[in-house]
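Asks: One structure, as structure tokens, below. Some questions next.
The values are calculated or read from the model by the stated rules, or taken from the named source; none is laboratory data. Everything numeric here is computed off the predicted structure, so don't read it as measured data. When we count neighbours, we look across all protein chains shown, and the Cβ atoms used for this are built from the backbone with ideal geometry, even at glycine. Keep in mind that these areas ignore ligands, DNA and RNA; they rest on the heavy atoms of the full protein, side chains included. Shrake-Rupley method; radii C 1.70, N 1.55, O 1.52, S 1.80 Å.
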Amino acid sequence: MKIHLALVLSLLVFIPSLHAATPLEKKMKVMKQATKDLKADLEASGEPDKTAVLKHVTKLREAAEAAASLEPAKAADIPKDKRAEFVAAYKKSIEALVKQIDELAQFASAGNWNAVKKQMGVINQSRRDGHEKFMRERE
Ligand code: HEM
């Protein structure tokens, strides 16, 4: 009995931490890490390491591609008759992001580092716009 109580209590402590992240948030966190790594690659002294850059671009692309088949948590807050439209707009924006990442890969392959840096700014703006439109207020 005592053991069961201890088990239940420890589960009660543990379960809220399971809420942690939605599947979309998990992908977004991978994207965050990939952009952080990319920034570090580009800020390192000397010519950027193309192999490392392309590896991080691939990581970013894979996570963005996976995010496109998920739905924002905010969709549940949207009136039912507007929900499909909201989700479609989200998907369109994420697919635009994937295209921007493809351009980033092309610039990096060509070793056009100025274009890579500029494209990082474009992607960052998409992040800001996407979050403003599709993320819940307090997330
Ligand atoms: C490289 C670009 C992006 C990065 C690095 C990024 C990063 C993140 C991070 C770290 C979170 C977790 C919440 C937080 O800690 O603030 C998040 C959440 C979220 N992001 Fe992004 N994001 C990017 C682009 C986008 C775009 C383009 C969209 C929409 C088209 C978007 C939609 C969302 C949504 C909806 C959430 C909330 C998660 C949920 O609803 O389950 N993000 N993002």
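Asks: With angles folded into 0 to 90 degrees, how steeply does helix 23-43 sit against the dominant principal axis of the chain? Use alpha carbons for both and round to 10.
Replies: Compared with the principal axis, the helix lies near 30 degrees.
Asks: Solvent-accessible area per residue for the chain at a 1.4 Å probe radius, Å²?
Replies: 70 Å²
Asks: In addition: Which whole-number percent gives the relative contact order of the chain, counting Cα pairs below 8 Å spaced six or more residues apart? Provide the component values of the computation, followed by the final result.
Replies: Working: 99 pairs, mean separation 32.2, N = 139.
Relative contact order, the chain: 23 percent.
Asks: Test of understanding: what is the full-extension gain from ASP102 to ASP81, defined as 0.36 nm times their sequence separation minus their Cα-Cα distance?
Replies: Working: separation 21, 0.36 × 21 = 7.56 nm, distance 3.38 nm.
Length gained between ASP102 and ASP81: 4.2 nm.
Asks: How do LEU7, LEU24, LEU104 rank by accessible surface area computed with a 1.4 Å probe, from largest to smallest? Let's see the in-between values first.
Replies: Values: LEU7 100, LEU24 20, LEU104 0 Å².
Final ranking, largest accessible area leading: LEU7, LEU24, LEU104.
Asks: Additional query: Enumerate the calculated ³J(HN,Hα) couplings along the stretch 115-128 in order (Karplus 6.51 cos²θ - 1.76 cosθ + 1.60, θ = phi - 60°), each rounded to whole Hz, writing x wherever the residue is Gly or Pro.
Replies: 5, 4, 5, 5, 5, 4, x, 4, 5, 5, 5, 4, 4, 4
Asks: If you don't mind, another one. Excluding residues on the same chain fewer than 8 positions from LYS118, give the aspartates and glutamates whose Cα lies under 13 Å from its Cα.
Replies: The reachable aspartates and glutamates, counting only those whose Cα sits under 13 Å from LYS118, are GLU103.
Asks: Which value in nm describes the separation of the simple spin-label points at SER93 and TRP113, placed 7 Å from the Cα toward the beta carbon?
Replies: According to this spin-label approximation, the distance is 3.3 nm.
Asks: List, in the order given, every pair from LYS59/LYS82; LYS29/LYS117; LYS55/LYS82; LYS92/LYS117; LYS50/LYS133; LYS82/LYS117 whose Cα-Cα distance in the structure shown is over 31 Å.
Replies: On the way: LYS59/LYS82 33 Å; LYS29/LYS117 21 Å; LYS55/LYS82 38 Å; LYS92/LYS117 24 Å; LYS50/LYS133 34 Å; LYS82/LYS117 37 Å.
From the list (LYS59/LYS82; LYS29/LYS117; LYS55/LYS82; LYS92/LYS117; LYS50/LYS133; LYS82/LYS117), the Cα-Cα distance tops 31 Å for LYS59/LYS82; LYS55/LYS82; LYS50/LYS133; LYS82/LYS117.
Asks: Continuing with this model, one more query. Find the percent of Cα-Cα distances in the stretch 6-79 that exceed 18 Å, and round it to a whole number.
Replies: Working: 1576 of 2701 pairs.
Here the tail beyond 18 Å accounts for 58 percent of pairs.
Asks: With θ taken as phi - 60° and the coefficients 6.51, -1.76 and 1.60, list the Karplus ³J(HN,Hα) couplings across the stretch 89-100 in order, rounded to whole Hz; mark glycine and proline as x.
Replies: Along the stretch 89-100, the couplings run 5, 4, 4, 4, 5, 5, 5, 5, 4, 4, 5, 5 Hz.
Asks: Turning to a different aspect of this structure: Taking all protein chains as present, what is the carbon and sulfur share of the accessible area of the chain, in % to the nearest whole number, probe 1.4 Å? Don't skip to the end; give the middle numbers.
Replies: Working: 5720 of 9700 Å².
Roughly 59 percent, rounded to a whole number.
Asks: What are the radius of gyration and Dmax of the stretch 87-135, computed over its Cα atoms and given in Å?
Replies: Rg and Dmax of the stretch 87-135, Cα atoms, are 11.8, 36 Å.
Asks: May I pose another question? For the stretch 21-134, take the convex hull of the Cα atoms, compute a quarter of its surface area, and give me that in nm², please. Working shown, then result.
Replies: Values: hull surface 26.8 nm².
Dividing the Cα hull surface by four gives the mean projection, 6.7 nm².
Asks: Now a separate question. As an exercise, use a Förster radius of 41 Å and the Cβ-Cβ distance of MET135 and ALA44 to find the FRET efficiency, rounded to the nearest 0.05.
Replies: 0.85
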